[in-house]
Amino acid sequence: KQEVTQIPAALSVPEGENLVLNCSFTDSAIYNLQWFRQDPGKGLTSLLLIQSSQREQTSGRLNASLDKSSGRSTLYIAASQPGDSATYLCAVRPADDTDKLIFGTGTRLQVFP
Amino acid sequence: NAGVTQTPKFQVLKTGQSMTLQCAQDMNHEYMSWYRQDPGMGLRLIHYSVGAGITDQGEVPNGYNVSRSTTEDFPLRLLSAAPSQTSVYFCASSYSNTGYGYTFGSGTRLTVV
């Protein structure tokens with residue numbers, strides 16, 4: 001059974017720091033992986049989607065990498081800002097069941113001025 | 001504004017009552033899904049639909065029913081509410097099951113007493 005783990009569960013950093021959020025999954029047979037952002041009391045917003053054949057995707061200050069063989073993905077946030085404070089979730093889509101999306105429990109990020 | 005609309009935003013039910021959580025999207029997305037989010041457990045898939053008239057079970061379907069009579073609407077029915085169904089419920093839609101254009105509603109916070 002696919003399991004997705006995110007470490008750390010919470011992170012607090014000063015503004016301007018570059019930071020890395022980690023996501024690991026137990027079964028490397030994935031179709032793709034997505035990173036989402038969730039603000040308190042709100043729904044999720046899709047940030048980046050990486051296909052299983054890709055190594056990384058970039059959007060602005062965000063860069064997500066994927067190492068499928070080792071079951072790892074990282075989300076790199078450059079020059080963090082207080083507005084980046086949110087919970088970040090990763091989710092994998094199994095290769096043999098693309099109708100399903102399996103989520104990690106998230107990393108709660110706080111960026112203080 | 002285009003997006004996924006969920007109603008109600010908050011609901012308190014008594015054990016044994018029934019209710020329907022509404023979800024509507026105006027993006028002509030074929031794929032729609034329902035998740036529940038519980039503390040420390042991430043989001044778990046309840047039911048999903050790949051098009052009008054087609055539904056299937058996710059990871060935690062027991063106690064919930066769905067139907068998809070139109071492309072736009074995907075209601076979630078609780079037949080006999082139980083305290084274990086206290087959770088935040090999210091509806092999501094996308095162009096297909098591969099994740100592109102994945103859009104979440106703002107959620108329904110349900111408490112069963």
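Read-outs throughout are calculated quantities, based only on the coordinates presented, and are distinct from any laboratory measurement. These figures come from a predicted structure and were not determined experimentally. We place every Cβ from the backbone using ideal geometry, glycine too, and count neighbours over all the protein chains shown.
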Over chain A, with a Gaussian network built from C-alpha contacts below 10 Å, which listed residue (A:Leu66, A:Leu11, A:Leu33) shows the highest mean-square fluctuation? A:Leu11
Find how many whole Å separate the alpha carbon centroid of the range B:55-97 from the alpha carbon centroid of the range A:1-80. 26
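Mind checking the dipole of chain B: about its Cα centre, +1 per Lys or Arg Cβ, -1 per Asp or Glu Cβ, Debye to the nearest 20? Let's see the in-between values first.
Working: 7 positive and 7 negative charges, 82 e Å.
Rounded to the nearest 20 debye, it is 400 debye.
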One would report the Cα pair-distance distribution of chain B, bin width 5 Å, in %, as 2, 13, 24, 27, 19, 10, 4, 1
Given a Förster distance of 30 angstrom, what is the FRET efficiency for A:Ser53 paired with A:Ile7, based on the Cβ-Cβ distance and rounded to 0.05? 0.70
Loop-only trypsin sites (Lys or Arg not before Pro) in the range B:10-94, please: DSSP not H, G, I, E or B, and at most 11 other Cβ atoms within 10 Å. B:Lys14
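Taking R0 as 30 Å, what's the FRET efficiency between B:Glu59 and A:Ser85 from their Cβ-Cβ distance, rounded to 0.05? Walk me through the numbers on the way to the answer.
Working: r = 29 Å, r/R0 = 0.98.
Step by step, r from the Cβ atoms, then E = 0.55.
Once the Cα gyration tensor of the protein assembly as shown is found, what semi-axes does its equivalent ellipsoid get, as square roots of 5 times the eigenvalues, in whole Å, sorted largest first? Please report the intermediate quantities before stating the final value.
Working: eigenvalues 172, 81, 52 Å².
Here the semi-axes work out to 29, 20, 16 Å.
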Which one of B:Thr98, B:Thr71, B:Thr20 has the biggest mean-square fluctuation once chain B is modelled by GNM with Cα springs under 10 Å? B:Thr98
Of the candidates B:Tyr31, B:Tyr64, B:Tyr100, which one comes out as most mobile in a Gaussian network treatment of chain B with C-alpha springs shorter than 10 Å? B:Tyr100
Taking the square root of 5 times each eigenvalue of the Cα gyration tensor, what semi-axes in Å does the equivalent ellipsoid of chain A have, largest first? 24, 14, 12
So the compactness index of the range A:36-90, its C-alpha Rg divided by 2.2 N^0.38 Å, takes the value 1.19
With a point put 7 Å past each Cα toward its Cβ, work out how far A:Val20 is from B:Lys14 in nm, to one decimal. 5.6
